[in-house]
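K.L.:
My structure is below; once you've seen it, I'll send some questions.
The values are calculated or read from the model by the stated rules, or taken from the named source; none is laboratory data. Please read these numbers as outputs of a predicted model, since none were measured by experiment. Backbone-built Cβ (ideal geometry, glycine too); neighbour counts: all protein chains shown. These area figures cover heavy atoms from the full protein model, side chains too; ligands, DNA and RNA do not enter into them. Shrake-Rupley method; radii C 1.70, N 1.55, O 1.52, S 1.80 Å.
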Amino acid sequence: MPAPEALLAATIRGAELCGVDDELGRIAPGYFFDAIVLDRDRSNGTLFAEPDIVTGVFKGGEPVVAHPRLTG
């Protein structure tokens, strides 16, 4: 499965199947989401071995480690 299709299957399509797509499954205002922010191409499988590769973290839609380009 190509990466874009896998991402959709794991997010919005999964939320739709579980009947919770009105609050989960996407990164948008009013939605709850967990996400990490990377400033590099995620297709490189060894990327996560690099120190400081994660530049932002969101849990429940709120920043835990704020990315320098994201405000408010």
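K.L.:
Name the residue from Thr46, Gly14, Gly25 whose Cα lies farthest towards the positive end of the charge dipole of the chain, charges +1 on Cβ of Lys and Arg and -1 on Cβ of Asp and Glu.
P.N.:
The one lying farthest along the dipole's positive direction is Thr46.
K.L.:
On to the next question. Leaving out ligands and nucleic acids, and using a 1.4 Å probe, what accessible area per residue does the chain come to in Å²?
P.N.:
77 Å²
K.L.:
To the nearest 10 Å², what's Arg13's accessible area with a 1.4 Å probe?
P.N.:
About 110 Å², ignoring ligands and nucleic acids.
K.L.:
Still on this structure: Charges only on Cβ, +1 for Lys and Arg, -1 for Asp and Glu: so what's the dipole of the chain about the Cα centre, in debye to the nearest 20?
P.N.:
120 debye
K.L.:
Just the number, please: carbon plus sulfur as a percent of the accessible area of the chain, 1.4 Å probe, no ligands or DNA/RNA counted.
P.N.:
59 percent
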